[in-house]
Amino acid sequence: MREELVALRPIIETARTSDVSSIELFQNETLRPIIKLQHEVFIGLVKSQPKFEDLLVKKGTSQQFHDKIRTFLVKQPHLKHVLNGMVIGMFTAEELVTYTKHATDFNKRISGMICQRIADTFY
């Protein structure tokens with residue numbers, strides 16, 4: 001069944017260099033495709049949050065809006081954890097082992113990528 005989940009992931013072309021760290025490789029080969037696959041679900045969940053519409057009214061510049069989205073997620077740790085869990089739940093057993101070795105770093109990367117996608121979608 002996990003192989004079927006992996007097969008659902010979109011292929012994302014990234015520049016491949018030989019000096020890529022294992023963390024960056026995991027980000028590009030695992031996290032990015034999962035986040036792209038889950039994009040519509042993330043958007044639906046975030047849109048359903050109270051006060052999200054308030055962010056859309058006063059967007060400001062692109063950077064200001066991105067900062068507002070980041071603050072919005074930081075102030076709602078439950079939402080942030082749910083979004084991260086939606087990514088982690090799509091891991092294979094092997095990917096979960098890799099994730100647990102660097103969970104703090106990966107959580108920051110996951111949150112950053114989701115925040116960027118949300119900001120880009122609504123700006």
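Coordinate-derived values only; no laboratory data. Predicted model, so just to flag it, every value in this text is computed and none were measured. Ideal geometry is used to build each Cβ from the backbone, glycine not excepted, and the neighbour counts take in all protein chains shown.
Quick notes on this structure:
- What you get for region 27-122, charging only the Cβ of Lys and Arg (+1) and of Asp and Glu (-1), is a dipole of about 360 debye around the Cα centre.
- C-alpha long axis of helix 103-122 to longest principal axis of the chain, angle in °: 50
- Distance violations [Cα-Cα > 23 Å] among K59/K80; K47/K101; K68/K101; K75/K101: K47/K101; K68/K101; K75/K101
- Taking all pairs of distinct alpha-carbon atoms in region 1-69, Kirkwood radius in angstrom: 14.8
- In loop segments of region 4-65 as defined by DSSP, the GluC sites (Glu not before Pro) with at most 11 further C-beta atoms inside 10 Å of their C-beta are E13.
- Pairwise FRET efficiency - K75 versus Q116, Cβ, R0 = 25 Å, nearest 0.05: 0.90
- Charge-dipole axis of the chain as Lys and Arg at +1 and Asp and Glu at -1 on Cβ define it, positive-most pick from A7, V41, T71: T71
- Anchor K51: aspartates and glutamates whose Cα lies under 18 Å away (excluding residues fewer than 8 positions away in-chain): D67
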